[in-house]
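The values are calculated or read from the model by the stated rules, or taken from the named source; none is laboratory data. Worth saying up front: this structure is predicted, and the values here are computed from it rather than measured. Reconstructed Cβ throughout: ideal geometry from the backbone, glycine too, with neighbour counts over all protein chains shown. Note: areas computed on protein heavy atoms with side chains; ligands, DNA, RNA excluded. Shrake-Rupley method; radii C 1.70, N 1.55, O 1.52, S 1.80 Å.
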Amino acid sequence: MKLKMTTLALGAALAAGPAMAELVFPSLSYRTGPYAANGIPFADGYADYFTLLNERDGGIGGEPIRMIECETGYNTEKGVECYESTKGEGALVYQPLSTGITYQLIPKATADGIPVHSMGYGRTSAKDGSVFKNIFNYPTNYWDGASVAIKHLLDLNGGSLEGKKIALVYHNSAYGKEPIRTLEELGKKHGFELSLLPVDHPGQEQKSQWLQIRREKPDNVIMYGWGVMNQVAVQEAANIRYPMDQFIGIWWSGSENDVRPAGDKANGYKALTFHNVGDDFPVFDDIQKYVVDTGKAAGAGDQIGTALYNRGLYAAMLAAEAAKTAQGIHDTKALTPAQMRDGMEALEITEAKMADLGLPNFGPEFTVSCENHGGNGYGAVAQWDAASDSWSLITDYIQSDQDVLAPLITEDAQAFAAESGIEPSC
């Protein structure tokens, strides 16, 4: 067995060598630690979709899928170790599921010629494919999320936020700091005052932040939290009787795990999303039949339809569709990482394609290109109904303010290119 694995690793390491006889998708998951409650359903959704394709379709284009799960504990160092220990297996694309890990993998994966998909997280300026050749963050990013939240507030306030006070409660990490510059620029444009309230890892201590909110009475609170930080924040907001419908989380602060601990007091809390909610989609019938009922589910099968299970499934679906695209471009069923990258850059997601996959109206339509690795910036607002124990979309998809964001992305990408000696090109 050792000899066989060594041979596989050596074969994958040779860039000019033959493609692997299977399609390898690593899963950098975290089922342990303070972020496990949110890491588990995503990992389950990601795994179950690939299992469905294997069991129902024989893989992708007839090539079987092998998913390699590696536990990171949401720890950047462990995440890099997972990458190093699995990249030689023929890994086609990495989903780091952590902004910290993503930042570390950008130079490594680029040098190794392996694509990274940081879906709705990571370095926002990786949207600029002329600089970040191997990094993709479609269909939307953290700056889009901040802008969509502000657009929603503009809609609720007659188109004006002049003189309003908005507080950002954020995980004190690369992830949580991502939207600050965007919100500062949007504050200048729309005349609102922004206050910044960092919360240190893992986020269980937030008394001082919410006392400050009680004192300053911001008109709205936006949160970029993750794991236990979210449920503590929702509970603290309830404790000071902050109106839940004025509290909006980014998509990583919008799972059932974040609101259920506060019971009825969480009713009305809002969160952004870039895909639909619930289990009323045909694909879930197939997952029940081919994956859960046959005992092949990654978990207990009780997470289907939850926000983060759906997100993991969506990430796997986008990876599978990129692989199909790559197979078509290169006229081969087995793929190299370089070919997978080409498929990701040519990916087109249409409503017809989602409906055919059993996911009608599941997410925004978008087309990837060399210039645009990040989609068109669409997000929707979901709201929690404690009585029905469910999320529902309360808006259509809203496009972020590209007039503000596009120059910021170009500026940041160009700065990275200059630092790294990259000549942007498409």
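Below are the figures for this structure:
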{"item": "Only listed residue being modelled with pLDDT of 95 or more and either more than 25 Å from the chain's Cα centre (by Cα) or within 25 Å of residue 261 (Cβ to Cβ) (or both), chosen from 135, 240, 150, 180", "result": "240"}
{"item": "Residue within region 82-90 that is modelled with pLDDT of 95 or more, within 19 Å of residue 119 (Cα to Cα), crowded, with 22+ Cβ neighbours inside 10 Å and not β-branched (Val, Ile, Thr) present", "result": "yes"}
{"item": "Members of region 277-298 that are farther than 15 Å from residue 256 by Cβ and part of a loop (DSSP other than H, G, I, E, B)", "result": "280, 281, 293, 294, 295, 296, 297, 298"}
{"item": "Subset of region 91-137 that is touching a residue at least 24 places away in the same chain (Cβ under 8 Å), small (Gly, Ala, Ser) and closer than 26 Å to residue 171 by Cβ - its residue that is surrounded by the fewest Cβ atoms within 10 Å (Cβ to Cβ)", "result": "100"}
{"item": "Residue in region 283-292 that is in contact with a helix residue (DSSP H, G or I) (Cβ under 7 Å, 6 or more places away or on another chain), surrounded by fewer than 20 Cβ atoms within 10 Å (Cβ to Cβ) and of a type outside the set (Gly, Ala, Ser) present", "result": "yes"}
{"item": "Filtered residue count, region 34-49, keeping only those that are surrounded by fewer than 24 Cβ atoms within 10 Å (Cβ to Cβ) and small (Gly, Ala, Ser)", "result": "3"}
{"item": "Any chance residue 72 is open to solvent by less than 20 Å² (accessible area, probe 1.4 Å), in contact with a Lys or Arg (Cβ under 9 Å, 6 or more places away or on another chain) and either of a type in the set (S, T, N, Q) or without any contact (Cβ under 8 Å) to a residue 12 or more places away in the chain (or both)", "result": "yes"}
{"item": "Criterion: at pLDDT 95 or above, touching a Cys at 6+ places or on another chain (Cβ under 6 Å) and not β-branched (Val, Ile, Thr) - qualifying residue of 348, 371", "result": "371"}
{"item": "Close pairs from region 402-426: first more than 10 Å from residue 131 (Cβ to Cβ), partner open to solvent by less than 30 Å² (accessible area, probe 1.4 Å) and of a type in the set (A, V, I, L, M), Cβ under 8 Å, at least 6 apart", "result": "404/186"}
{"item": "Selection from region 219-272 of residues that are closer than 30 Å to residue 162 by Cβ and among the acidic types (Asp, Glu)", "result": "219, 236, 245"}
{"item": "Single residue of region 79-119 satisfying the filter (among the aliphatic types (A, V, I, L, M) and assigned to a helix (DSSP H, G or I)) that is farthest from residue 46 (Cα to Cα)", "result": "111"}
{"item": "Residues of region 157-196 that turn out to be open to solvent by 10 Å² or more (accessible area, probe 1.4 Å) and of a type in the set (A, V, I, L, M, F, W, C), as a count", "result": "5"}
{"item": "Residues within region 234-253 that are assigned to a helix (DSSP H, G or I) and touching a strand residue (DSSP E or B) at 6+ places or on another chain (Cβ under 6 Å), tallied", "result": "4"}
